[in-house]
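To start, the structure under review is shown below, and the notes come after it.
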Amino acid sequence: MSFLVPLYALGIASIALPLIFHLIRRTPRGRYAFSSLMFLTPSPPRLTRRSRIDNLLLLLLRGLALTLLALAFTRPFLREAANLSLGSIRGRRIAIMLDTSASMRRADVWNQAVSQARTELAALEPVDDVALFAFDQHSRSLVDFDERPQATRPGKATLVEDQLKTLSPSWATTDLGAALVMVADAIDVANDRNQSDAATEIVLISDLQQGALISALQSYEWPKNIVVSVRHVSPTLKTNASLRLLDAEEDHDAEPRVRIFNAANSSSDQFYVGWETGETRGDVADDIAMTVPPGQSRVVRVPRPNQEGSFDRLVLRGDDHAFDNVFYTVPIENQSLTVVYVGDDADGDPEGLRYFFEAALQGIPHCDISLVTRRQEETLSLDPEQPPRLIVVARPVTVKQMGELKDYLVAGGSCLVVPTSHDAAVQLTSFNKTIEVLTDQSARREGDYVMLSEIDFGHPVFADFASADYNDFTKIHFWNHFRFTLDANESTRVFARFDDGYPALWEQSYEDGTLYVLTSGWRLRDSQLALSSRFVPLIMGLMEQAGGGRTVTPTLTVNQSIELPAAITLDEARMIKPDATSLPVAKGLRRYDETDELGLYEVTTTTVPFRFAVNLDPAESNTARMDIEQLEQYGLRLGKQVKQSEEIERKRQLRDTELEDRQKIWRWLIVVVLCVLTFETWLAGRKTAAGSERTGDQT
């Protein structure tokens, strides 16, 4: 016999209650004094009947009633001889998803995650199948469902354990949605391949930070047979802040702007920001103190240190987790350049072109420019090993100078021609036969001027003026300019015209070099260009184009690819990674995508080295916990699949309940209890009546 609720069997102990009540000694509550007994010696009463049972049969009947009543509450039933069939009970197919993104580097979060994975492995049963997946920005299968352990291995769990030992957090961001989709598809494929209806479950082990991407779930219909069991891991200390240099690709001023973000679940709001190098820290006194409330961000300017050294990183202090406290940037290095000016201007003459041009060169940041003047009787004397960045021609050149100038252009140089006379304008036809000078330069009458009207802001020279705040050139008047006509072709591009339709600025290719022509100068009698705020940026744009285009020091995020500049030669090039690893760069490679570490990368070549910085994705710093209901909104079933042993026990209980409900032995026990109580009542009444008769006879 078995019992559906065996706990009620403890009620059998109630049969001791009648015996306990019987044995309790009853002490008289009061004392009464009688005068006739005052001279007698007191003696205690002799309790000869306290330990005797007057009616053993009544005691047994009452105990039997209580025992049967307790047995009735246990819901007894007779178990059938046939064992429970286990053929229909399925095992589980468990997919363990382990988050390896950068936010798992916080404190002991990674150790918690590995411990959770091992707990899941320890809970596996022999019939369960398991697979291991790791995910960050990309998802990967480490142990597949179809992978079988070797003969010397005790089981699949050992394979998973071996892979856990090789894992560690990366620096990549978290794409949780894509990872869930990939694992769900892998489970469906395994079920279809094995023709199995196993109970499928995804065990998600992650810190579930709010910066994780889940957009991939929007267009995915979640399978109804897959449940997701979430194992959240988090550090004890919650404060986490991050920083990012704004406009890192262009902001090269002395006080760049820095954005500080404080996570929503932080407990502190006081932080400090300063500059460092790999070996040197900036003056602590130069650190900027910031108060950033949790869940908000602040922008502050952080001056670059005045100390010597190339400070290449911003460091934040004051939070509990350092994984996102450094922002790397390529240090600004001054360039030493040479510019050759071909003209007869006297030194310090404000009426000439050289005076304002030299002042503009001094306004170009991070460049030490040496201006060399070549007059009519001098040769250009160009060094082919160290050619000048730009040659500016402001007068007619001699035959020898023209030969040197053409050789310079053939070698890939850049030249700016600003004709100040008709002869200088006519010399342009030696570079392009389609050029025709229509009229000589002549002074217009007072108040008569032209303006720039058709400007191609897509050209790199005018790229800095593309925004609405800077693209207004109507306040710059030009009184004198040369009128040219030229045939537009692939080698010639006009990117600025006057409002009379004639070209103002064009470029044309000459062999491997580039010739720029400005048809009106910046002398004060010719135009207002030198006095405007557009002059220095315009000269800077020409200098950048003369050097092969603007040298951009891009700031990437982890795993983001970069297009290597066409100006660098990749013959025998090597990539030096932040950990000082030097790897060869394949010939012909123009896009590099192995940016899996934080820090500075450098391509060493036979020409000019190229450097770029790789930083953490700012979304990874948003470490406050995600609302788990967001996953449910995309159709995910949160829960846990029962084990086979739990399923067996559940089915056994269902079978026992069915047997007990069919047999209903408890009803017969209740009937027997009523019969016993009826007999006990009759017997007790008879005993009482017999005792009363004896007492009356004695009286």
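Tabulated results
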{"item": "For peptides 667-675, 355-363, 520-528, 412-420, sequence by mean Cβ density within 10 Å, most packed first", "result": "412-420, 520-528, 355-363, 667-675"}
{"item": "For Gly91, distant residues with modelled amide H under 5 Å away", "result": "Ala199"}
{"item": "Debye intensity ratio in log₁₀ form over the Cα atoms of region 555-618, taken at each q of 0.22, 0.26 Å⁻¹", "result": "-0.87, -1.19"}
{"item": "Ranked by how many other beta carbons lie within 10 Å on average, peptides 466-475, 128-137, 505-514, 191-200 from highest", "result": "128-137, 505-514, 191-200, 466-475"}
{"item": "Chain lengthening between Leu60 and Asp627 when straightened (0.36 nm per residue, less Cα-Cα)", "result": "197.7 nm"}
{"item": "Per-pair calculated FRET efficiency, R0 = 35 Å: Glu454 and Ser336 via Cβ, rounded to 0.05", "result": "0.45"}
{"item": "Proximal lysines relative to Lys156, as straight alpha-carbon distance under 30 Å, when same-chain residues fewer than 8 apart are discounted", "result": "Lys165, Lys224, Lys640, Lys643, Lys651"}
{"item": "Cα→Cβ-extended label distance, 7 Å offset, between Ala689 and Val410, nm", "result": "14.7"}
{"item": "Backbone N within region 501-533 under 19 Å of label point (7 Å from Thr485 Cα along the Cβ vector)", "result": "501-506, 519"}
{"item": "Karplus 3J(HN,Hα) series, Hz, for region 507-514 with 6.51 cos²θ - 1.76 cosθ + 1.60 (x for Gly, Pro)", "result": "10, 9, 7, 9, 6, 8, x, 9"}
{"item": "Length released on extending from Gln163 to Cys367, taking residue separation times 0.36 nm less the Cα-Cα span", "result": "68.2 nm"}
{"item": "For region 460-466, 3J(HN,Hα) per residue [Karplus equation, 6.51 cos²θ - 1.76 cosθ + 1.60, θ = phi - 60°, Hz, x = Gly/Pro]", "result": "x, 5, 9, 4, 6, 9, 5"}
{"item": "Potential lengthening between Ile20 and Val671 on full extension [0.36 nm per residue; Cα-Cα distance subtracted]", "result": "231.7 nm"}
{"item": "Cα-based reach from Lys433 at 14 Å (exclusive), listing aspartates and glutamates while leaving out same-chain residues under 8 positions away", "result": "Asp487"}
{"item": "Separation in nanometres of the label points that stand 7 Å from Cα toward Cβ, at Asp661 and Ser268", "result": "6.1"}
{"item": "Built amide H within the under 5 Å cut-off of Val203, gap 5+", "result": "Ala95, Ile96, Met97, Ser229"}
{"item": "Phi to ³J(HN,Hα) by Karplus 6.51 cos²θ - 1.76 cosθ + 1.60 over region 610-621, Hz, x for Gly, Pro", "result": "10, 10, 8, 10, 10, 10, 6, 5, x, 5, 6, 7"}
{"item": "Two-site label geometry, Ser509 and Thr429: point separation in nm, points 7 Å out along Cα→Cβ", "result": "2.5"}
{"item": "Cut-off 18 Å (backbone N to label point 7 Å along Cα→Cβ of Asp472), residues of region 503-536", "result": "528-529, 531-535"}
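Values quoted throughout were computed directly from the atomic coordinates according to the rules given, and no laboratory measurement underlies them. In this text the structure is predicted, and so the values were computed from the model without any measurement. Using ideal geometry, Cβ is built from the backbone for each residue, glycine included, and neighbour counts are taken over all protein chains shown.
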